[in-house]
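This report refers to the structure that appears directly beneath it.
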Amino acid sequence: MDTNFSSLFQPLTIGRGAKKLTLKNRMVMAPMVTCLANSSGEVTPRRLGVFHDRFINQLEILAVAIREKGAAAIAQINQTGIRGNTPGPDDLTIGQIGELVEWFGRAA
């Protein structure tokens, strides 16, 4: 193996205290929108939604499978805009923008 990349396979700890997370290795998928949620946002073998409590049971199954393989997952929050059949920033009122800010704060 090329020793220039050997650190990729070493564990990495991020965070501290109760929020500390140790990753099995340093290979990660960058946060990005994949547009894999189905129209109702349900978790399927290739699709995932996290915007409503009704998905908790499906997400728990996914989380257990991830942990069983020694991996970790972190959710990215975003506003889908017109791709998700919701208004884009140009179509929102000041009040709606305020609601989105509040929702993002709660989600984080």
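The values are calculated or read from the model by the stated rules, or taken from the named source; none is laboratory data. Treat the numbers as computed from the prediction; the structure is a model and nothing was measured. Cβ atoms come from the backbone with ideal geometry, glycine included; neighbour counts cover every protein chain shown.
Determine, yes or no, whether Gly81 is of a type outside the set (Lys, Arg), more than 22 Å from Ile14 (Cα to Cα) and at pLDDT below 70. First the steps, then the outcome.
Values: of a type outside the set (Lys, Arg): yes; more than 22 Å from Ile14 (Cα to Cα): yes; at pLDDT below 70: yes.
Here the answer is yes, as Gly81 does meet what is asked.
When Val33 is tested against (1) at pLDDT 80 or above; (2) in a loop (DSSP other than H, G, I, E, B); (3) surrounded by 12 or more Cβ atoms within 10 Å (Cβ to Cβ), exactly one condition is not met: (1). Output the residues belonging to segment 84-107 that are modelled with pLDDT under 75 and either in a loop (DSSP other than H, G, I, E, B) or in contact with a helix residue (DSSP H, G or I) (Cβ under 8 Å, 6 or more places away or on another chain) (or both). Within segment 84-107, Asn85, Thr86, Pro87, Gly88, Pro89 qualify. Whenever a residue of segment 86-102 is surrounded by 10 or more Cβ atoms within 10 Å (Cβ to Cβ), its partners that are of a type in the set (A, V, I, L, M) and modelled with pLDDT under 80, lying with C-beta atoms within less than 7 angstrom and at least six residues away or across chains, give the pairs Gly88/Ile82.
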